[in-house]
Structure formats: structure tokens, C-alpha cells
Amino acid sequence: MAARRVKALLAGRLQQAVRTAFGADEPVDAAQLQTPPPPHEGDLSLGCFALSKKLRKPPAEIAAALAKALPPEKPLAKVQAVGPYLNLTLEAADVIQAAFGPAPAATATGTVVVDFSSPNIAKHMAVYHLRSTMIGNALCRIHRALGWKVVGVNHLGDWGTGFGKLIVGWKRWWDPRQEPTVTDLNALYVRFGQKAKADPKLEEEARAAFLALEKGDGESRRLWQRFRDTSLGEFQKVYDLLGVSFDEVSGESVYEPDLEPTIALLRAKGMVSESEGALVVALPGKEKPCLLKKSDGATLYATRDLAAAISHQKRHAFTRKLYVVDAGQSLHFVEVFAVLAAAGFEWASRCEHVPFGILRFGGKRGRTREGGVVLLKDVLDEATSRALEIIRKNSPDLADAHTVARQVGIGAVVFNDLKNKRTKDIDFDFDEALAFEGETGPYVQYAHVRACGILRKAKEAGIALDPAADLSPLGLPEEKALAWRLSLWGEALERASREAEPSVVAGYVLDLAKALHTFHYKVPVLKASPAETAARLRLMDAARLRLAEGLAVLGIAAPEQM
RNA sequence: GCGCCCGUAGCUCAACUGGAUAGAGCGUAUGGCUACGGACCAUAAGGUUGAAGGUUCGACUCCUUCCGGGCGCACCA
């Protein structure tokens, strides 16, 4: 767990070397130690460009002088100056020891509120909901792993004029004795849209129905609650499949009572004005204002987000709030944060929009070429059945094949979603999302499975895993590479948190799986001397645990067989 | 028109935030089944990093302009 410790130690020593070589006291930051590109020898490298500026000497000269001044003791096996670079090769034994050193205590003490998933009531969860859901879920777990207090919030789209339409549709076309599904609700909504084209009176009726709902009319409220419960029940099935949970399931409706006080608060600060019949906040330096109320008096999305933000800060005193919402809504968040800042809330700067790219099908946004919405559940089911097919072929004797197929199939879809930088647009492709070879979820799971297999076999042979086994028999390049990768975990997590970027963790887990696969291929664990077997089992077990942990952070299961 | 995002191998993407000869996977070609699990390992071919300038000892990365794609730009969320 301690690549950082090794780097800090070496940075300190390098600083000392600068002192002895040049008599100057220049700081050497551990972050300057980077990994040299492949053809070059070494595990860490210092480019002497910054020192060159400070010391006013050519960087190559500095590298050479430091190579001499740096004592080649303990973790260092070799020190060599290559042009302006100082390349450090670490002793394999020390790298391996470092990987098993105590984990640095979690230093983060903040609270992060993560706002994610946020599906709309009376609509299905479609494939494009996967992005917010899994990116947000991963961000929650990344911060928990770092020691943050995390509040994962599902801010449902459960309010707005759409519910007036739904209520009207319900009253006209639904037999209330029947229990509706989400499909039924959605159909009512669509039907309303069609009928309203021919009959404008319907729109008026819908507005009235929503007004009644806002005023707390009993029947409207009961209907709305029913729609909400039905939808939530269906969402939950998908969340169960994905292993996603929330600390707070709220929604826009929850902040309804806060809207007037929020507007009053802004008004008291003299920020609110009227424009074209609407209530707005003018934003300094912006051409267009942020709307609080439509000219008909109804509140808007921005108003509810303002109220929700204020409420979250009051209740959780967050040090960071992340909104995992697609990039198309960037302007909305710019405006909301600007209003909060203008209102004098210093915590406005701690709110971050975490945008992600648009999902498309063959070039069309959110829909297939045929115009249908692709349901998330259908994709997950398809992935599961494809995985099951492969399991039947490769592991016909596997018990509980269905469970494993679900873990592998869904793992493939989720990993595919998280492996790329989130700002990239995605043109969803079944064969790509459901690929099981190469840089995929199943590839990572398979590395874990192979390690589990060897551990199982060891147990059958009566060889117990010794968590305190002597590591000194280790030293092969594959073992060193594996250990070094293990010790980079903390840095990967921190970067993922800093950039709110789960793909950093996905990349880490892929690299670790690659190192483990190579290890499995090249290094015999059980067909070795007892001391080697014990040490390799311990190393392999650490790698497999880390893979499981990394996958868990991404919201992906790590089966023991597949 | 203005603002934000994207443009890297045939395809999908990396590149530790300005450092070395730009790296992976897929696909293609080849090798490894006397396999601690082949959903794997390995070798090879494949590049003017959209274009042109600029800053710098040094640019995929920063600045300017342009080209191409996407998304926004007050009463939807």
C-alpha cells in the first residue's frame, strides 16, 4: 500500500543529495518521481529540469551529480543518470515488502454528498441511466474507501407539470381497480400527449391538476404517491441487479415546502427581479438570467435545485457536493452555482457538476434507430444470457451458473461504462458493451477467479495460506511488478477522488489484472519449493483481495469461479 | 452568432496534468493446449496526435485562429 511512502523516502534522500552535491537546499517533491517509459530501466525517475532552473546548471549535469551523491542503499538497487533523467531501480525485495507494509491511515475527514441516478417517475430506467447511476455509485465508494463520510442521494424527478398530465390521463383512461405498471403509466403519459394535440383543453386541465397537487389536494396527492411507489418499486429491481443503494432517496417534491422560503431569501438579498412576467435572478456577466418562476407562477428545476443545495448544506455541512448529471446540463449548474455564490454562500464553490458524455444508439440520442427506448434491465438481461452461454461452454460443472452469469454479464456492462473518461460521448454498441475479452470486466474477474482457483487447490492439497509467510523468496520480475502495482492503490483512489473520475480506478484494476494474469502464466505457485509456494500464495492472495476491492468500488462483483 | 465538451493506430480508448522512442484492447498475422482455469500469455504490422501558427530547453497536453462532430443558449427536467 505504500508506493507513496517509498516515493517520500526517496524524495527526502534526493533532497539530501542535492545538498551534498550542490550545497543548495531545494525541495524535491515526491510527485516529481514518475515511472520511466518502457525501454528505459528503472522504477522511478526524476527529470532534473526544475532543479536545472533553480541551480542554473544543465539538467544532465545535475542528474549525473545526483547519481553520484545518492547513496545506493536499501530500497535502491541501481541509480543511473540517463541524459537529464535520474533513473532509480528499486530492489525487488523492498518493493515487495513495501506492498505489504501497513496501509497509511485514511486522512480524509470531509463529508461528500453525491447526487446521482435521479430517474423520472412514471418512466422506465433506460440504458442512459446507467451512466449517472454507476459513476455516482463509484464516486460514493471511492470516497468511502478514502475515509470520507458519504451521503449518496437519489434526487428523483418526481415533481413538475408532467404529473398534472398523468393525473388527467389516469382519470380519463385508467380503470383504478387495476394495478398499473410503469409501462402503463408511461403509456398514459404518451397517450395524453397525443390527445392533447387535438384537444388543447387537456393541457389546461393538466395545469389545473398539477396546481391541485401542489396545493395538497387529497386525491391528487394519493395518486401521485401511487405513481411514485410503483416507479420506485421498479427502479429498486434494477438497483438490486446493479448492487446500488442510496443513503437518501428524496426528489424534487421533497423541497416543495422550501421553495417559497428560498425565493424569499434571495429576494431579501435584493437579487430577485421580474422579467417578461417571470421571476428571475440576473447573473453578473451573463446575458441571460436564471429563472425561479415561470410567468404562470410555477417553479422550475433551478428553483428546486437551489432549495435542495441549501438543504443539503444545512443538514450535512458538506465539504464537497457532486452532481453526477449529463454534460447537456452544464449551463444549468453554472447558473445554480452562480446564484448560490451571488447569495453569499461560501460553500457554493464546493459544489461541482460532474458531467458525463451523451449516450447514443447508432447516432441517435437515447433511442434506437427504430425509435424505441432501450431499457436498462433488458441490456442487463441480455448480458446475463450471453455470459451464461459462455459459462455453459467453458465451465459446464459450475454450480450456481445463473448467479455467476449475472455477475459476469452485468460486470461487463458496468465496466465498459466506467473504463473510459466520463466526458466521452458513448455510441452504445451491444457487442462492445457485452464483450468478455480484452480490457473488460470479465477479464478482471477472470484474473481474480484464477487466483481463487489456485488457492482452492492449495487448500485441497493441505497447504494453508499463511498471512505472515516469509516474503524473501520472492524477487522475480513478475512478482515485483505485481507488488508495485499493489502499492499504487492509494494514489489511484486519491486521483479518482480529486478528478471525480471512476475510470482511474478501472484503469488501476485493469493494470493489476494484467500483472496477475502474467504472473499466473509465468510463475508456478504450487509446483515450487514450500517456501516459494508460501510466499507466492501470500502475494497472490493480496492481489486477488485488491482486485475484489477494486471491483467492489466500481460496483462489480468478483466471483470465485466463472 | 455565443458558450461548454470532444477530435490520438482500421475501430474503441490511454498517456501520471509540460518531459525520454505517444501506449493498451479489439481486429489482422504468427507462436504457446505435456493448461496450478486458453474468458489467458506472447511476438509482429499499424501514428505528420484534425490543420496552421505561437509560448518553451521540451507540447497530445498551455495560448491564438481555423476545420470537423456533439451539447446547450428564459418560462421542460
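The values are calculated or read from the model by the stated rules, or taken from the named source; none is laboratory data. Computed from a predicted structure; not experimentally measured. All Cβ positions, glycine included, derive from the backbone under ideal geometry; neighbour counts span all protein chains shown. All accessible areas refer to the heavy atoms of the entire protein, side chains included, with ligands and DNA or RNA removed. Shrake-Rupley method; radii C 1.70, N 1.55, O 1.52, S 1.80 Å.
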TODO: Set Lys and Arg Cβ to +1 and Asp and Glu Cβ to -1, take the dipole of chain A about its Cα centre, and tell me which of A:His520, A:Ala103, A:Trp173 lies farthest positive.
DONE: A:Ala103
Task: Highest to lowest packing among A:135-141, A:462-468, scored as the average C-beta count within 10 Å - done: A:135-141, A:462-468
- [ ] Take every DSSP beta bridge whose two residues both sit in chain A, then give the antiparallel share in percent to the nearest 5.
- [x] 55
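Once you charge only the Cβ atoms, +1 for Lys and Arg and -1 for Asp and Glu, what is the size of the charge dipole of chain A about its Cα centre, to the nearest 20 debye?
660
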TODO: Set Lys and Arg Cβ to +1 and Asp and Glu Cβ to -1, take the dipole of chain A about its Cα centre, and tell me which of A:Gly362, A:Leu70, A:Ala302 lies farthest positive.
DONE: A:Leu70
- [ ] Would you work out if segment A:376-554 is rounded, prolate or oblate? Take a ≥ b ≥ c from the square roots of the eigenvalues of the alpha-carbon gyration tensor; rounded if a/c is under 1.5, else prolate when a/b is larger than b/c, oblate otherwise.
- [x] oblate
Open item on the list: Loop-only trypsin sites (Lys or Arg not before Pro) in segment A:378-440, please: DSSP not H, G, I, E or B, and at most 16 other Cβ atoms within 10 Å.
Closed with: A:Lys421, A:Lys424
- [ ] Report, in whole Å, the centroid distance computed from the Cα atoms of segment A:383-438 and segment A:116-159.
- [x] 21
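In segment A:278-312, which trypsin sites (Lys or Arg not before Pro) fall in coil by DSSP and have 14 or fewer other Cβ atoms within 10 Å? Don't skip to the end; give the middle numbers.
Working: sites: A:Lys286, A:Lys293, A:Lys294, A:Arg304; in loops: A:Lys286, A:Lys294.
Passing sites in segment A:278-312 are A:Lys286, A:Lys294.
Please figure out what share of the DSSP beta bridges in segment A:76-178 is antiparallel and state it in percent, rounded to the nearest 5.
Numbers: 6 of 12 bridges.
Percentage antiparallel, nearest 5: 50.
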Task: For chain A: rounded, prolate or oblate by the Cα gyration tensor [a/c cutoff 1.5] - done: oblate
- [ ] Using only Cα atoms, find the angle between the long axis of helix A:376-394 and the longest principal axis of chain A, and express it within 0 to 90 degrees, rounded to the nearest 10.
- [x] 40
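Show me the ranking of peptides A:528-534, A:499-505 by mean Cβ neighbours inside 10 Å, starting with the highest. If you can, show how the numbers build up before the last one.
Values: A:528-534: 15.3, A:499-505: 22.1.
Descending packing order for the listed peptides: A:499-505, A:528-534.
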Open item on the list: Can you tell me the orientation of helix A:3-22 relative to chain A, as the angle in degrees between its alpha-carbon axis and the longest Cα principal axis, to the nearest 10?
Closed with: 60
Task: Sparse-neighbourhood loop sites, GluC sites (Glu not before Pro) in segment A:208-302 - DSSP loop, at most 15 other Cβ within 10 angstrom - done: A:Glu276, A:Glu287
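What do you reckon, how do A:Arg456, A:Arg536 stack up by accessible area (1.4 Å probe), largest on top? Show your work: numbers first, answer last.
On the way: A:Arg456 90, A:Arg536 15 Å².
Listed by decreasing accessible area, they come as A:Arg456, A:Arg536.
When the helix-only estimate is applied to chain A (DSSP H runs of n ≥ 4, each -39,500 (n - 2.57), divided by the residue count), what is the mean residue ellipticity at 222 nm, nearest 500 deg cm²/dmol?
Details: 20 runs with 299 residues, N = 562.
Rounded to the nearest 500, the figure is -17500 deg cm²/dmol.
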